[in-house]
Every structure is written in structure tokens, then in C-alpha cells.
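Here is the structure we will look at.
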There are 2 protein chains.
Amino acid sequence: MKNNSSFKNKLEESGHSFTSQRAEVYSILCENAPAHLTAEEIFIKLTQRHLKIGLSTVYRTLGIFTNIGITDKVDFDDGMSRYELVENFDGKNHRHHHLICLGCGRVEDALDDLMEDLENDVLEKFSFNIIDHSVKLYGYCAECSMKNKIETGSK
Amino acid sequence: MKNNSSFKNKLEESGHSFTSQRAEVYSILCENAPAHLTAEEIFIKLTQRHLKIGLSTVYRTLGIFTNIGITDKVDFDDGMSRYELVENFDGKNHRHHHLICLGCGRVEDALDDLMEDLENDVLEKFSFNIIDHSVKLYGYCAECSMKNKIETGSK
DNA sequence: AATATAATGAGAATGGTTCTCAATTAAGGA
DNA sequence: TCCTTAATTGAGAACCATTCTCATTATATT
């Protein structure tokens, strides 16, 4: 699990109370990292654990977490938002690279290299100061690529 | 306006009829390119023009357009999807770079350079074959950057 | 023109998310 | 520790973009 006290600090610094519900949501996120969970999935996991929490509270909590940089809200166009822990929410970081397989739907996280070149380029050409970015790469994972080759008989 | 007959071809090739409603939605998209319109915005523009069309038809049409590569569906996390014409839907192309200003909310389209390096990198490291990508860059446009500097008095 | 198939549109339904508000809990001072 | 105040919680209602339904209408083919 992540450092719990820095989580607490982050909450208090931003003027929010440390509550049991917020700690519970946080612990689910930690235990399931680096998964991208929906609000409802988190709600169900907590309920299965016999921790009583309201769905509204889960949404509210995730909203706060995202605002203060504990989580990132990501959207894979399947009708609901997902939340993932920011890698190291003490330092500045912004990486949201997801490899989304069009075959099996699996989502993998990827590295954040090379984006700096692109960002510098954009600053030069557009005078646009990039604060954050979201990159989604759609394609076929190794497994599905293999499967496709066999099925289509392509060389 | 774009070449209308290739639009018609694209529809027929994919087994869809050419209807007046589809032509109307297409013409709104052409006239407003490169804007990113919501289904409702398109519906309103058509209604103002006294062209009768149902909102469901607009949604359905945009769904088809996106499926057959006439439009791209983009999402700026403001609660509704937007649609934009694919640059040249006859050839293979995939560029969805948007500069989203956190100050004024304006969305600008950016170039697609440098992504090839990143894609090659991902193929090497993850054996993941990229078909398409979506890149959203959040930050401050030239104007808002200027405004921020004045307000905060930072050098 | 006639028939079969596809498209349309009005409104209902859906479903993820946000809102409301009364009850509960946390925070900080005395 | 107790008290006061402000913040948080939770159940359900409300919201709202999008999808679905199905009777009507238009398109394509014979």
C-alpha cells in the first residue's frame, strides 16, 4: 500500500477532512493498482467487504481525489469513467498513456517517453503551454495480433 | 464543402443509403469544420435552417459516420461527445490531437508529427500494434498564458 | 408500379453521475 | 473532555446525454 500519511497530508493541505470513507476508497485503489476502477466497482468492492458507504460518497470522494491529484480520471469511451492512482502524487507527474486493445479490450499502461519532444514542438508552433496530457493508443496487443495473423492467414 | 460524391460512395460502399438527413448532417459538419460539434448543436443548426430532422436521427447518423470513417468522435470530458470530419476520409489517416485550453476552454487542433517515434517505441517495447490514437494536450493557450502572467505578476 | 428493406422521428427508457437535505461526524477551542 | 460549528455522509430523487422502440415513411430493387 502507498504511504498513508502523505495521503492524509494531501487531504488536509487541501482543506478536506480525513474520514474513514475516504481512507476506504483510497485503500481499494491501492490494493487494485494499477487497475482502472469505475466508481461502481469501488462501491461494490467496499460493500462486499461489509463496509457501508454510499455510492454518492464514492463519486464525491473520487472527485476530490482527482481535484487534489491523488487520482486521475480516465475515460475509455465505454460509458463510464475510471479512476487510477497517480503514480507518485507528491511530485509533479503527468502520464496517462493507455494502450487499449481493440481485440480483447485489455488496457495496459505505457511509458511516458518522447512526449517531451512533442510538447516542446507544440509550445514552439502554437505558443501553447502544456500542463498535462492524455494519450490513448488503440491497436492490438501481442496476443490479439497473433490471433489475427492466424485467422486471416496473412504472412 | 468536401467532395460530396465521395461521401455518397463511402455510405454506399458500407451498405447504407444516401438520404437527405445524412446529407444535411454532413453539410453542417463541412460548413463548420474544423469545429467539434455536439449532436445537439448540429440538431439546432439544422432546425434553425428549418430542416426537419429528429435528434435520434442525428445521433444515429453520427454513429454511422464514425463507424465508416467520415467523422471522429471526440470527448473533452464536458459531458457530451463531439464530432469532427476526418481530414481526408478516403486515405488512411489518424490524427486526433487537441490542444485544450484550461483557461478559456478553446480547443485547437494540432499536428501529428512525432507520434510515429512514439508508436514505434510502443511496438518495440510492448509488441502492441497501434491502429489509431487520441492525444489531448491540456494547458494554456498563448492568450491565457499572457493573462496569467499579468495577473500573477510572475516574470 | 409493387414489394421488400432500410431509415426516420417522437417520445419513452436507460444509466452514469450529480444533487438535495436531513442526519451524522470531524475539528478545534474552551 | 465537552461543545460548537462546519464539513461529510447517504438514500433517493433529479439530471441529462444517449439509446431504444415501433409505427410511419422513404429508398432500392424487381
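The values are calculated or read from the model by the stated rules, or taken from the named source; none is laboratory data. In this text, all values refer to a predicted model and were calculated from it rather than measured experimentally. Heads up, the Cβs are rebuilt from the backbone with ideal geometry, glycines too, and the neighbour counts pull from every protein chain shown.
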Index of the failed condition, A:I28 passing every other in (1) over 25 Å from B:K136 (Cβ atoms); (2) surrounded by fewer than 20 Cβ atoms within 10 Å (Cβ to Cβ): (2)
Single residue of A:L51, A:L55, A:L46, A:L62 found to be closer than 19 Å to A:S20 by Cβ, within 12 Å of the chain's Cα centre (by Cα) and not charged (D, E, K, R): A:L62
Search result, residues across segment A:58-77 that are in contact with a His (Cβ under 9 Å, 6 or more places away or on another chain) and within 12 Å of DNA strand D (Cβ to nearest atom): A:I64, A:I68
Filtered residues of segment B:31-57 (kept if surrounded by fewer than 16 Cβ atoms within 10 Å (Cβ to Cβ) and within 12 Å of DNA strand D (Cβ to nearest atom)): B:E40, B:I44, B:K52, B:G54, B:L55, B:S56
Breaking point among (1) farther than 15 Å from B:N129 by Cα; (2) more than 7 Å from chain B (Cβ to nearest Cβ); (3) modelled with pLDDT under 85, for A:I68: (3)
Any chance A:S17 is more than 28 Å from B:G79 (Cβ to Cβ), outside the structural domain of A:H133 (by TED's automatic domain parsing) and free of Cβ contacts under 8 Å to residues at least 24 places away in the same chain: yes
All positions within segment A:107-155 that are surrounded by 13 or more Cβ atoms within 10 Å (Cβ to Cβ), modelled with pLDDT of 80 or more and more than 7 Å from every other protein chain (Cβ to nearest Cβ): A:V107, A:D109, A:E119, A:L123, A:E143, A:C144, A:M146
Residues (within 17 Å of A:K8 (Cβ to Cβ) and either away from DNA strand C (no atom under 14 Å from the Cβ) or not in a helix (DSSP H, G or I) (or both)) located in segment A:44-77: A:I68, A:G69, A:I70, A:T71
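If you take the residues in segment B:2-25 that are within 14 Å of DNA strand C (Cβ to nearest atom), part of a helix (DSSP H, G or I) and surrounded by fewer than 13 Cβ atoms within 10 Å (Cβ to Cβ), which one is farthest from the other protein chains (Cβ to nearest Cβ)?
It comes out as B:S20.
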Filter result (more than 19 Å from A:K73 (Cβ to Cβ) and either among the hydroxyl-bearing types (S, T, Y) or modelled with pLDDT under 85 (or both)) within segment B:71-95: B:T71, B:Y83, B:E87, B:N88, B:F89, B:D90, B:G91, B:K92, B:N93, B:H94, B:R95
